[in-house]
Amino acid sequence: MTGLPMTVISGYLGAGKTTLINRLLAADHGLKLMILVNDFGAINIDEGLLASKDEDTIALTNGCVCCTMGADLFLALADALDRSPRPDHLIVEASGVSDPARIANAALAEPDLRYAGIVTVVDGPQYEGLGADPLIGPQVRDQVKKADLIVVTKMTGDAQVPGLAEDARVEVLDADDTRALVDLVFADPSAAPLPSSDMPHPSYIGWSCQVSTGIDLEALREGLTHRPAGLFRVKGSVADPSGAIWDVQVVGHQIEITPATDARDTTLVGIGLSERVSTDEIDHWWSRMSLPA
């Protein structure tokens, strides 16, 4: 088989796609990977692996490269194919609300690419609730049904994910099984991707806020806990009153506030369902939060 193999990493908002990408970049697989991501915000590269970094590209000492994708997928794919030396495997991170089959089909349209599968990341504790949501559920389950491999995150022990067995048609793997993860992600499937979906999906809105003052972290956590119901995903960085920078990751009921690994802009971004919340409502919620400097 010829052509640069291309794998799509799919999964709903906050499922853990970036965590999976971090593991693939650091794993001992001997491949020179090129990974196209939406942004570098959550990519956490071990300083010992970092060879160089600029606005659009992270190069690692193991030969792997991570690049921001931009708005034009086919232009990004052309750049990957033009790179010298050419990578051994191309990985494309799908946005959390996209149909992975539409991206995977680009491998069929470009003769120098070869389809190497869709890996859908599933947030184990959230899956049943998301799947039951009348707006979000069809999209979440469709991403699972399109997968050649399903990777489950945030589960402990041998716990099963309610509802996943009914939707999954392929092998389900725990995200902590790194060796099996590497072996299966880089094993080309024989089948072509399933057709892309014409099914309707909910409309989303984006929100962002530059956090210019120090924030009390307990007040922040309280505010995020009681955010507008339609604001499903929040991520970014904030500074506390001492000037220390903290990473914020919010998806569903899960709220994580952890020390930042490096200095960065203090900006929060959010994604919500337009049928359940407006940017004006989010702005009003943020302005009323008690966040003393």
Exercise. Once label points are set 7 Å from the Cα along Cα→Cβ at both E275 and T225, what is their separation, rounded to one decimal in nm?
Worked result: 3.0
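Enter the per residue convex hull volume of the range 126-179, computed from alpha-carbon coordinates, in Å³ rounded to the nearest integer.
Working: hull volume 4.2 nm³, N = 54.
Dividing the Cα hull volume of the range 126-179 by its residues yields 78 Å³.
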Problem set entry | Residues with amide H under 5 Å from that of D174, placed H, sequence gap 5 or more | V152
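Where the only charges are on Cβ atoms (+1 Lys, Arg; -1 Asp, Glu), what is the dipole of the range 133-191 about its Cα centre, to the nearest 20 debye? Let's see the in-between values first.
Details: 6 positive and 12 negative charges, 36 e Å.
In total the dipole reaches around 180 debye.
If packing is taken as the average count of other Cβ atoms within 10 Å, what order do 146-152, 282-288 fall into, highest mean first?
Numbers: 146-152: 24.7, 282-288: 13.9.
Result, highest mean first: 146-152, 282-288.
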Exercise. What nm distance separates the two modelled labels at F74 and D265, each placed 7 Å from Cα along Cα→Cβ?
Worked result: 3.0
Exercise. So what are the ³J(HN,Hα) numbers for the range 138-150, from phi and the Karplus equation (6.51, -1.76, 1.60; θ = phi - 60°), rounded to whole Hz, Gly and Pro as x?
Worked result: x, 6, 5, 5, 5, 4, 5, 5, 7, 6, 9, 8, 10
Seminar exercise, completed: Here, GluC sites (Glu not before Pro) of the range 202-293 satisfying both criteria (DSSP loop; at most 15 other Cβ within 10 Å) are E275
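Coordinate-derived values only; no laboratory data. None of these values were measured; they are calculated from a predicted model. Cβ sites come from the backbone with ideal geometry, for glycine too, and all protein chains shown count toward neighbours.
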